[in-house]
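Engineer: Take this structure first; my questions come after.
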Amino acid sequence: MVKKIQPQFQEHYRLYIDELGTASPKDITSTVYILSGCSINKKDCENFKTRADQIKFKYWGRTNIVFHSREIGRKENDFAIFKDDKIFKEFILDLENFISNSKIKMFFIIVDKAKATAAGWDDIKVYKDTADSLIRNFLLILLTNDSMGEIIIESSSVSKDVHFLNSLNFFLGDGLKNLGVGHEKVQDTLTSVSFVTKKNHDTEEQVADLLAYAAKIKYQSSVGNKTHQNDYEKTIVSLLNKKIFKTPKDACSTKAKLFKEVKSFLVLP
């Protein structure tokens with residue numbers, strides 16, 4: 001009797017990317033440049049959006065609100081309602097519950113612009129190295145469980161976007177040779193990079209924005225630039241620590257090699 005082979009269904013993940021700050025090391029309007037990546041299983045995206053929409057409808061009576069960390073912190077524009085402390089505290093609790101219970105994993109690439117300037121970096125170097133690092137992290141995670149993935153980026157300019165395409169092409173062509181992963185395996189794993197407009201309003205992109213600000217606070221605190229954190233800032237830093245990717249303690253030896261290479265809070269240069 002021939003034994004029936006059950007079909008294997010690969011999990012499919014998406015990585016949504018947002019940025020904080022400007023890439024030029026000479027631009028002193030920001031001390032850091034951050035790429036924030038939010039990874040989620042494609043099958044969880046609909047529920048993730050629904051839960052965010054429930055919060056938006058609760059406070060604004062509509063769902064076409066876009067969470068922007070800067071505006072939330074400053075309580076301006078749509079978020080001026082948070083000048084009422086009672087409403088703001090209730091919102092922070094709802095936001096915390098929403099993100100804490102979500103099935104997302106976060107990755108951050110931080111460029112310290114003072115160090116980048118000292119190393120002779122320019123904006124091209126910043127774009128290239130941050131894109132390479134974030135895509136490599138995502139690829140490593142996909143390889144650990146034989147899943148597939150795609151990358152979704154809010155398009156801003158040709159000068160920035162081309163580096164994500166170049167990075168993808170590099171891995172598709174060369175694989176991860178130092179880890180024994182050939183380009184054929186990468187081509188089966190990382191399927192595409194998509195660019196969307198600001199009007200796409202993906203919930204995952206908005207969460208990447210919220211936690212990019214948390215990454216800035218966390219990094220500044222780690223280098224001694226400690227400032228008083230309000231309740232909102234304390235909450236999002238706590239959420240970052242909960243949702244940032246961590247290597248599973250029970251990872252088998254074959255996967256541990258790949259997990260060891262993942263840098264989910266990488267500071268450059």
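What follows is calculated from the coordinates using simple rules that are stated; it is not laboratory data. The model shown is predicted, which means the values in this text are computed figures rather than measured ones. Methodologically, a virtual Cβ is constructed for each residue, glycine included, from the backbone with ideal geometry; neighbour enumeration extends over all protein chains shown.
Engineer: How high is the relative contact order of the stretch 26-145? Use alpha-carbon pairs under 8 Å, at least six apart in sequence, and give a whole percent. Don't jump to the answer; show the numbers that get you there.
Structural biologist: Numbers: 79 pairs, mean separation 50.1, N = 120.
Across the stretch 26-145, relative contact order equals 42 percent.
Engineer: Using Cα centres only, tell me the gap between the stretch 222-265 and the stretch 90-155 in whole Å.
Structural biologist: A separation of 12 Å, based on Cα centres.
Engineer: Highest mean first, how do 36-46, 107-117 rank when packing is the count of other Cβ atoms within 10 Å averaged over residues? Working shown, then result.
Structural biologist: Values: 36-46: 18.8, 107-117: 21.8.
Descending packing order for the listed peptides: 107-117, 36-46.
Engineer: Separate question: Determine the alpha carbon to alpha carbon distance for each of Lys89/Lys218; Lys49/Lys234; Lys56/Lys83; Lys75/Lys199; Lys26/Lys243 and list only those over 26 Å.
Structural biologist: On the way: Lys89/Lys218 22 Å; Lys49/Lys234 24 Å; Lys56/Lys83 17 Å; Lys75/Lys199 22 Å; Lys26/Lys243 32 Å.
Cα-Cα > 26 Å for Lys26/Lys243; rest within.
Engineer: Would you mind classifying the stretch 194-269 by shape? Square roots of the alpha carbon gyration tensor eigenvalues, ordered a ≥ b ≥ c; an a/c under 1.5 is rounded, otherwise it is prolate if a/b is larger than b/c and oblate if not. Mind showing how you got there, number by number?
Structural biologist: Working: a/c = 2.02, a/b = 1.22, b/c = 1.65.
Oblate, since a/c reaches 1.5 and b/c is not below a/b.
Engineer: By counting other Cβ atoms within 10 Å of each Cβ, how are Ser155, Ser69 ranked from fewest to most?
Structural biologist: Values: Ser155 14, Ser69 22.
Sorted ascending by nearby Cβ count, the order is Ser155, Ser69.
Engineer: Which lysines does Lys249 reach when only Cα atoms under 22 Å apart count, and residues fewer than 8 places away in its own chain are ignored?
Structural biologist: Lys103, Lys105, Lys257, Lys260, Lys263
Engineer: So how do 234-245, 77-88 stack up, highest first, on mean other-Cβ count within 10 Å? Intermediate results must be reported in sequence, preceding the final value.
Structural biologist: Working: 234-245: 18.3, 77-88: 13.7.
Peptide ranking by packing, descending: 234-245, 77-88.
Engineer: Could I ask something else about it? To make sure I understand the rule: partners must be aspartates and glutamates, Cα under 15 Å from the Cα of Lys160, and not fewer than 8 residues away in the same chain. Which ones qualify?
Structural biologist: Asp18, Glu19, Asp122, Asp123, Asp129, Asp132
Engineer: Relative contact order (percent) for the chain, with alpha-carbon contacts under 8 angstrom and 6 or more residues of separation?
Structural biologist: Numbers: 382 pairs, mean separation 79.6, N = 269.
Relative CO of the chain lands at 30 percent.
Engineer: Would you pull out the residues with amide H under 5 Å of Phe265's amide H, same chain only if 5 or more places away, H placed 1.01 Å from N?
Structural biologist: It is Phe108, by chain and number.
Engineer: I'd like to verify something in the chain: which complete DSSP H helices, judged by Cα projection on the helix axis, reach 30 Å or more and average at least -1.0 on the Kyte-Doolittle scale? All intermediate terms of the calculation are to be shown ahead of the outcome.
Structural biologist: Numbers: long enough: 123-144 (32 Å, 0.52).
Taking the DSSP H segments of the chain (at least 30 Å long, mean hydropathy at least -1.0), we get 123-144.
Engineer: Of the listed values [x] 1.39; [y] 0.94; [z] 0.99, grab the one calculated as Rg/Rh (Cα atoms, Kirkwood Rh) from the structure here.
Structural biologist: Evaluating Rg/Rh (Cα atoms, Kirkwood Rh) on these atoms matches [z].
Engineer: Shifting gears a bit: Ordered by residue, what ³J(HN,Hα) values in Hz, to whole numbers, does the stretch 261-266 give under the Karplus form 6.51 cos²θ - 1.76 cosθ + 1.60, where θ = phi - 60° and Gly and Pro are x?
Structural biologist: So the J values, rounded to whole Hz, are 7, 6, 10, 7, 9, 9.
Engineer: Just to confirm a number: summing +1 for Lys and Arg and -1 for Asp and Glu over residues other than Ser24 whose beta-carbon lies under 9 angstrom from that of Ser24, what do you get?
Structural biologist: Values: positive: Lys26, Lys113; negative: Asp27, Asp122, Asp123.
Its environment carries a net charge of -1.
Engineer: With a/c under 1.5 counting as rounded, go ahead and sort the stretch 97-238 into rounded, prolate or oblate using the C-alpha gyration tensor (a ≥ b ≥ c being the square roots of the eigenvalues; past the cut-off, prolate if a/b is larger than b/c, else oblate).
Structural biologist: On the way: a/c = 1.72, a/b = 1.36, b/c = 1.26.
It is prolate, given that a/c is not under 1.5 and a/b is the larger ratio.
Engineer: Roughly how big is the stretch 53-94's charge dipole about its Cα centre, with Cβ charges of +1 (Lys, Arg) and -1 (Asp, Glu), in debye to the nearest 20? Provide the component values of the computation, followed by the final result.
Structural biologist: Numbers: 9 positive and 8 negative charges, 10 e Å.
Magnitude of the dipole: close to 40 debye.
Engineer: Once phi is turned into θ = phi - 60°, what whole-Hz ³J(HN,Hα) does the Karplus curve with 6.51, -1.76 and 1.60 give for every residue of the stretch 175-185, x standing for Gly and Pro?
Structural biologist: Going residue by residue, I get x, 10, 4, 5, 10, x, 9, x, 5, 5, 5 Hz, with x marking Gly and Pro.
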